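This report refers to the structure that appears directly beneath it.
The values are calculated or read from the model by the stated rules, or taken from the named source; none is laboratory data. Since we're looking at a predicted model, the values are computed, not measured. All Cβ positions, glycine included, derive from the backbone under ideal geometry; neighbour counts span all protein chains shown. Side chains included, ligands, DNA and RNA excluded: accessible areas come from the protein's heavy atoms. Shrake-Rupley method; radii C 1.70, N 1.55, O 1.52, S 1.80 Å.
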Amino acid sequence: QKSLMQSSKRLLEAKIAEKAASHRSATDIRRMKQLLARRIAVARQGHNASTIEADVAFHVSIAEAAGNDVLRDLYKTFAVQVRQSFVDQDTDTLSFIQTHALHEQLLQCIIDRDAAGAWDLAKKITDRKE
């Protein structure tokens with residue numbers, strides 16, 4: 001059941017990133033940039049709980065940019081489990097720092113309206129989290 005959950009989450013994150021690349025607004029881009037900057041800032045300060053919250057907030061902002069209420073709400077439901085998995089795995093901020101470049105590339109694909117690139121990067125990021 002865990003692998004079914006992981007593959008569902010992987011597919012959901014990829015679909016959301018793809019949709020965000022097609023539907024994002026200038027406001028969405030500003031919000032995602034702010035949240036990604038916060039994510040790396042708190043990770044570099046070594047604040048685990050704040051980094052987890054910033055990471056989840058960044059990914060929720062992508063779901064909001066997708067412009068699909070069902071996908072957004074579904075991701076918010078998954079986000080509760082994402083948060084808990086980071087806590088359960090005692091994830092330290094180094095892993096968030098190590099994936100920062102992938103997150104920057106994902107955001108750039110969304111900005112560039114590169115849906116295929118966003119799909120691929122979301123899958124790479126999800127694979128790193130599992």
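Tabulated values for the structure
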{"quantity": "Number of positions in the range 48-74 that are more than 13 Å from residue 20 (Cα to Cα) and either under 13 Å from the mean Cα position of the chain (by Cα) or surrounded by 16 or more Cβ atoms within 10 Å (Cβ to Cβ) (or both)", "calculated": "10"}
{"quantity": "Qualifying residue in the range 117-129 (condition: closer than 20 Å to residue 46 by Cα and modelled with pLDDT under 95)", "calculated": "yes"}
{"quantity": "Pair list, Cβ under 8 Å, 6 or more apart: the range 25-41 residue among the acidic types (Asp, Glu), other residue in a helix (DSSP H, G or I) and surrounded by 13 or more Cβ atoms within 10 Å (Cβ to Cβ)", "calculated": "28/20; 28/61; 28/64; 28/65"}
{"quantity": "Only listed residue being of a type in the set (Val, Ile, Thr) and at pLDDT 95 or above, chosen from 99, 27, 91, 51", "calculated": "27"}
{"quantity": "Only one of 66, 21 that is touching a residue at least 40 places away in the same chain (Cβ under 8 Å) and either of a type in the set (Asp, Glu) or out of contact with any Cys (no Cβ under 9 Å at 6 or more places or on another chain) (or both)", "calculated": "66"}
{"quantity": "Selection within the range 80-94 - closer than 23 Å to residue 18 by Cα, without any contact (Cβ under 8 Å) to a residue 60 or more places away in the chain and loosely packed, with under 15 Cβ neighbours inside 10 Å", "calculated": "80"}
{"quantity": "Test: residue in the range 71-89 that is touching a helix residue (DSSP H, G or I) at 6+ places or on another chain (Cβ under 8 Å), part of a helix (DSSP H, G or I) and among the acidic types (Asp, Glu)", "calculated": "no"}
{"quantity": "Yes/no for residue 77 being open to solvent by 50 Å² or more (accessible area, probe 1.4 Å) and among the β-branched types (Val, Ile, Thr)", "calculated": "yes"}
{"quantity": "Filtered residues of the range 95-130 (kept if of a type in the set (A, V, I, L, M), in contact (Cβ under 8 Å) with a residue 40 or more places away in the chain and either exposed (fewer than 14 other Cβ atoms within 10 Å of the Cβ) or outside any helix (DSSP H, G or I) (or both))", "calculated": "116"}
